[in-house]
Amino acid sequence: MSQQPLTVEQFLMANPPASLGGAGSLTALLSAIGLVGKTLARDLRIAGLLNMLGMTGETNVQGESIKKLDQIANDTFIEVLQRDGVAGALASEEMEKPVFVASPGRPAPYMVLFDPLDGSSNTDVNMPLGSIFSIIEHQHQDQPPEDSDLLRKGIHQLAAGYFLFGPSTMLVFTTGKGVFGFTLDPTVGEYQLSHPGIKMPSRGKVYAVNEGNYEKWPTGTKRYVDSLKKPDKAAGRPYSGRYSGCLVADVHRLLLGGGIYLYPGEINKPEGKLRLLYEANPMAMVVEQAGGRASTGVTRILEIEPIKLHQRVPLIIGSADDVRDAESYIQERAVLS
Ligand code: AHG
Ligand code: MN
Ligand code: MN
């Protein structure tokens, strides 16, 4: 008889992460985050039947139109994690200010930063979506959080991960000891370990970028993307283009098969689009833990000192050798062929 795969809780019991404020508290938090993912997976599956598609008519702090599902996903994170208690502060791409979770007499040693719904242009067309989370230490547990409490470099993350809502729902995370992927078995209601110890190939054959922005890029970025299309059998070129509009889905493909994702800086928007604290940092921790690399093209993502909560950052992420190549073009060190 085949062996039953481990659930998240069983896996964490066998591989306990360092927990703040008492044994098992990080396991409890990851388990609560798991419940958020199960709830969202259920909602997304039948969103088209429940009047959950389309816009709310409002705009978020970043000036982006809020979809109904962005709001529902944000509320789900807040409700579930508030009830849970071990997260004392919650910060989201969709909220101007972090939420304080008062838990008198109980330690609340963590803060969670999240992108509740990633790839939201995919909502109305039944394409893949994700959610991304980052867990850091809550240093001043008795006080409402200031933005400055959340402005920690990515290297200080205790854990990070994402949900991928595709044909299967997957939870992929790291607590700093490798990357583990779990697939939700909805009939059992549990995530089960399906992808243990994920390691990225050091080079891939796929690139993911919104090439509609080509004319907005600096020369080095253009030359790098051009180089991927130049046939060279020995070098594995041309690369295949694969872009879904969902960072999680695109990076998940790279995590398993190798390659590179770019949301680069633009001449008139050098900060790029993606958010450092909710998107770049957690995805960078996962990718580095799997042996990959993540940078702005110049600086390692996890070493960036954040200066504001909703800071944007260029993101070049994926297989280590591919990201190194992109860096050398962006820094104009590459010898042009
Ligand atoms: P979000 O839905 O959280 O705003 O993130 C969307 C992000 C990312 O998932 C995706 O790779 C990228 O934005 C797509 O942007 P473009 O439509 O500009 O390519
Ligand atoms: Mn996003
Ligand atoms: Mn989002």
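List of remarks:
- Residues of the range 130-139 that turn out to be open to solvent by 10 Å² or more (accessible area, probe 1.4 Å) and within 13 Å of ligand 1 (Cβ to nearest atom), as a count: 0
- Here Val298 does not qualify as closer than 20 Å to Leu150 by Cβ and either surrounded by fewer than 24 Cβ atoms within 10 Å (Cβ to Cβ) or more than 11 Å from ligand 1 (Cβ to nearest atom) (or both).
- Filter result for Arg203 (buried (at least 17 other Cβ atoms within 10 Å of the Cβ), more than 15 Å from ligand 2 (Cβ to nearest atom) and basic (Lys, Arg)): yes
- Counted residues, the range 206-221 - those being charged (D, E, K, R) and within 19 Å of Gly259 (Cβ to Cβ): 1
- Among the residues of this structure, Ala18 does not count as one that is over 23 Å from the mean Cα position of the chain (by Cα), within 20 Å of Gly176 (Cβ to Cβ) and of a type outside the set (Phe, Trp, Tyr).
- Boolean, Ile267 is open to solvent by 50 Å² or more (accessible area, probe 1.4 Å), outside the structural domain of Asp118 (by TED's automatic domain parsing) and among the aliphatic types (A, V, I, L, M): yes
- Every condition in (1) crowded, with 23+ Cβ neighbours inside 10 Å; (2) assigned to a helix (DSSP H, G or I) holds for Arg324 except the one numbered (1).
- Within the range 238-264, the set of residues being in a loop (DSSP other than H, G, I, E, B), open to solvent by 40 Å² or more (accessible area, probe 1.4 Å) and either touching a Gly at 6+ places or on another chain (Cβ under 9 Å) or of a type in the set (D, E, K, R) (or both) comprises just one member, Arg242.
- Cβ pairs under 8 Å, 6+ apart, first in the range 117-136 and in the same structural domain as Met95 (by TED's automatic domain parsing) and within 14 Å of ligand 3 (Cβ to nearest atom), second outside any helix (DSSP H, G or I) and open to solvent by 40 Å² or more (accessible area, probe 1.4 Å): Gly119/Met127; Thr123/Leu53
- Residue pairs meeting the criteria (Cβ under 6 Å; at least 6 apart or on separate chains; first within 12 Å of Gly265 (Cβ to Cβ) and outside the structural domain of Asn268 (by TED's automatic domain parsing), in the range 207-223; second within 16 Å of ligand 3 (Cβ to nearest atom) and open to solvent by less than 20 Å² (accessible area, probe 1.4 Å)): none
- Among the residues of the range 255-281, those identified as over 13 Å from the mean Cα position of the chain (by Cα) and under 22 Å from Lys230 (Cα atoms) are Gly257, Gly258, Gly259, Ile260, Leu262, Tyr263, Pro264.
- Residue match in the range 53-76 (condition: at negative phi, of a type in the set (Lys, Arg) and in contact (Cβ under 8 Å) with a residue 12 or more places away in the chain): yes
- The listed residue being closer than 17 Å to Ser134 by Cα, away from ligand 2 (no atom under 16 Å from the Cβ) and of a type outside the set (D, E, K, R), out of Leu302, Leu256: Leu302
- The range 111-129 - residue that is more than 12 Å from ligand 1 (Cβ to nearest atom) and crowded, with 20+ Cβ neighbours inside 10 Å and, of those, farthest from the chain's Cα centre (by Cα): Met111
The values are calculated or read from the model by the stated rules, or taken from the named source; none is laboratory data. Remember, it's a predicted structure, so these values are computed and weren't measured experimentally. Note that we place each Cβ from the backbone using ideal geometry, even for glycine, and neighbour counts take in every protein chain shown. Ligands, DNA and RNA are excluded from the accessible area calculation, which covers all protein heavy atoms including side chains. Shrake-Rupley method; radii C 1.70, N 1.55, O 1.52, S 1.80 Å.
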